[in-house]
Structure formats: structure tokens, C-alpha cells
Amino acid sequence: PNGLYDISPQETMILQPDQNQTLYFMRLPQSSFMNPALTPACRVYLDFPVIGSTDLTIRNNSLMFSDIIFPGTGTNADSLITILHPDYNIDDFLNKLSNNNFFSAEFNTNLFSFGFRAGNSMIHFNIYEKVEGSLGIPGDVFTLLFKGNESFIGDQVNLNPLSLNLSWYRSYGLGLSQEVFSGFRLGFRGRLLAGMANISLKNSDLKIEIDETDFSHKLIADLSLNISGPVTFVKDSTGNIQDVQVQDGIDQSSYFVPYLLSFKNPGFAADFGIEYNYYDRIRVSASIVDLGFIYWQRDVTNLVSKGEFTFNGIDASPAFNVNDTNTIDDVANALVDSLLD
């Protein structure tokens, strides 16, 4: 397993699969990111920003690129078409989706690292920046988007799998790979973490019920959005959010440099690994990396939405009645006010 357990005030946790598997078969310094017991072919190494190690990983559990853009058939056989083409059966696309469609991305860039051998030991130190995010989209969202609400009349749109998490943090790691006996190595790395920003959605309940008699929509929500970052939420006199600003009213230059070097969102992580070389032809290794936490406590905002809202449609008749002073904007604004309440 590879992923960071992010413990916010709501104790949100995340576990993500591993990446960069090919590093296991390369005698490079970066292979220690996968397993701290692995050692490079060199005796000493230095790694600097920009020219050093940078990687981007994108994954999902449902779709390939060819599921969205692909060669057409029939009269479109000489062209590439998308799922939005009028001749394409959108049900073929919807059948490829799962109930929870998970998309994630991860960006790592090395700021500085070095390592050296000392006898049968390898000591390594690194500082790197990581941004990782994940988004879970319910399959019902795509059905609602492409086919409307017809499939859900008398039923409900299940939005419970909806999830969101985005983290940006820095890691300072010091590790040791030690040969215990011939061919067998143990590795450990401890890492101090400095959280920069986090957005975490806790979805306890989210669904839309569509009445089969009057086709009204009832939105049922029990959500909390936890944010740690340099943002300010501006509210009106009734408590409704009017605007989101990035630390308005402060000297940006004097704020962000200390912010980026701050340890006010502290954390710790540990990596463990073993490696056994058997007759120089068979290698057995195992590792647990990124096992740890970040306690998000700087510039924390917790937004909660819990309740129900029924949408019966918009009565547009006042806009067409010459004796009615209400405009369609007045009607729409009244609806928005009700939804915000």
C-alpha cells in the first residue's frame, strides 16, 4: 500500500495504490521511494530541483482513452468520433462505468536529496513536494447527465459515492538501508511532513428522490467539507456564503513565504522495507510506505450541509403576465435564496 492517511479535524483517511513500479527493476536512487531497503548502483548521489526526479501519475478505475475517443463505424468509419456523436449509443459508454468511478492524480517533485554508502549501510536524505487528489463520481451522475431523470422517476439518484480529497504537502525524510546478513537488507525512513493545503469532503448521505406523481425533486444531503488553506469565506448577514477570497486584506508577499515554510500543519510518516537476493538471479522484496498522518490545524474552515430541499420547478408565468411586476430574475432569485437557506 502507498498513500497518506490525512487526519483532519474530522479524521478523514485516504489509502491509494502504489505507483512507479518499474523503479523496482532499476538501480536508481529513486527506487528507495518504493522500498527504503533498495540501494542504487552508485556509492554517492546528489539530486537537485528541476533536473532531478519529477513524476506525474494519473489513474482511474473505469475508463480508457479509447472509451471516449475511438474510430467510428459505417458512414463514420474513416473518422474518429466521441461518445457525444449522434450515431453513438450512449448506453455502451454507461455500461462501462461502475457505481463509483474513481479518478486520481499525483505529482511529485524532488527539491533536494543525497545518499552515500558507509560499509554495508546506505544512508539517504530527501526533501520533496507532493500534490495528490482524488475524485469519486457516482455512476448515476453520468446517467442523469446523458439521459436525464427519466430512469429515476419513482426512484432516487444515488450520490453517496461522491468523494473529494486534495492535499499538498512537503516531506523531509531520513532513511537507512542496512545489510543484516548476506543478501538480506532492512530499510527504514522516517519523514517529517509539512501540510500546505487540504480539501476533504465527508459524504454521509447525498441523494435525489424524484416523485413519480408530480416529478418534484427532493435533494437530501448530509455533507461536510473540511478546508485547510489561505482562504476566507465572506458571508452576508444571514450567514450565506457570498464570496471566497485568498487571504484578502493582507500583504501577500509577507504572508506566503512564511506560509510555504511553515510547520503549522505538522505530520509524520514512515517507510519500511526488506530485500532478499537469492543466488543473484531471484530478488524478493516487500515494503510499506507513506504510513502516517497530517494534522490539519492552520486556517481551517469546516462547512456543513445537512437537510432536505424540494424543487418543484420554476413558475415562469409571472414573466409573461403584463399585470405582474415580478420578472423571471425575481422568481429565480427567490428559488436560489430558498436553496441557500
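The values are calculated or read from the model by the stated rules, or taken from the named source; none is laboratory data. Just so you know, these numbers come straight off a predicted model, no measurement behind them. Cβ: placed from backbone, ideal geometry, glycine included. Neighbour counts: every protein chain shown. For the accessible areas, the whole protein counts, side chains as well, though only heavy atoms, and no ligand, DNA or RNA atoms are used. Shrake-Rupley method; radii C 1.70, N 1.55, O 1.52, S 1.80 Å.
To keep it simple, each residue is scored yes or no on (1) over 30 Å from residue 35 (Cα atoms); (2) at pLDDT 75 or above; (3) open to solvent by 70 Å² or more (accessible area, probe 1.4 Å); (4) not aliphatic (A, V, I, L, M).
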position: 272; (1), (2), (3), (4): no, yes, yes, yes
position: 278; (1), (2), (3), (4): no, yes, yes, yes
position: 286; (1), (2), (3), (4): no, yes, no, no
position: 294; (1), (2), (3), (4): no, yes, no, no
position: 298; (1), (2), (3), (4): yes, yes, no, yes
position: 309; (1), (2), (3), (4): yes, yes, no, yes
position: 322; (1), (2), (3), (4): yes, no, yes, no
position: 327; (1), (2), (3), (4): yes, no, no, yes
position: 337; (1), (2), (3), (4): yes, no, yes, yes
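Does residue 56 fit the bill of being within 30 Å of residue 271 (Cβ to Cβ), in contact with a strand residue (DSSP E or B) (Cβ under 7 Å, 6 or more places away or on another chain), of a type in the set (A, V, I, L, M) and modelled with pLDDT under 90? Explain how you work it out, then say what you get.
Values: within 30 Å of residue 271 (Cβ to Cβ): yes; in contact with a strand residue (DSSP E or B) (Cβ under 7 Å, 6 or more places away or on another chain): yes; of a type in the set (A, V, I, L, M): yes; modelled with pLDDT under 90: yes.
For residue 56, the condition - within 30 Å of residue 271 (Cβ to Cβ), in contact with a strand residue (DSSP E or B) (Cβ under 7 Å, 6 or more places away or on another chain), of a type in the set (A, V, I, L, M) and modelled with pLDDT under 90 - is met.
Yes/no matrix, rows are residues, columns are (1) more than 23 Å from the chain's Cα centre (by Cα); (2) not in a strand (DSSP E or B):
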{"residue": "93", "(1), (2)": "yes, yes"}
{"residue": "122", "(1), (2)": "yes, no"}
{"residue": "126", "(1), (2)": "yes, no"}
{"residue": "142", "(1), (2)": "no, yes"}
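Suppose we filter the stretch 130-140 for residues that are buried (at least 18 other Cβ atoms within 10 Å of the Cβ) and either in a strand (DSSP E or B) or at positive phi (or both); how many remain?
5
Can you give me the ranges of the strands (runs of 3 or more DSSP E) entirely in the stretch 145-224 with at least 2 residues that are under 20 Å from residue 288 (Cβ atoms)?
163-181, 184-210
Quick one: would you say residue 62 is closer than 20 Å to residue 165 by Cα, in a loop (DSSP other than H, G, I, E, B) and open to solvent by 30 Å² or more (accessible area, probe 1.4 Å)?
no
Within the stretch 201-229, count every residue that is acidic (Asp, Glu) and under 19 Å from residue 139 (Cβ atoms).
2
Just the residues that are open to solvent by 50 Å² or more (accessible area, probe 1.4 Å) and touching a helix residue (DSSP H, G or I) at 6+ places or on another chain (Cβ under 9 Å), please, taken from the stretch 65-84.
Result: 68, 84.
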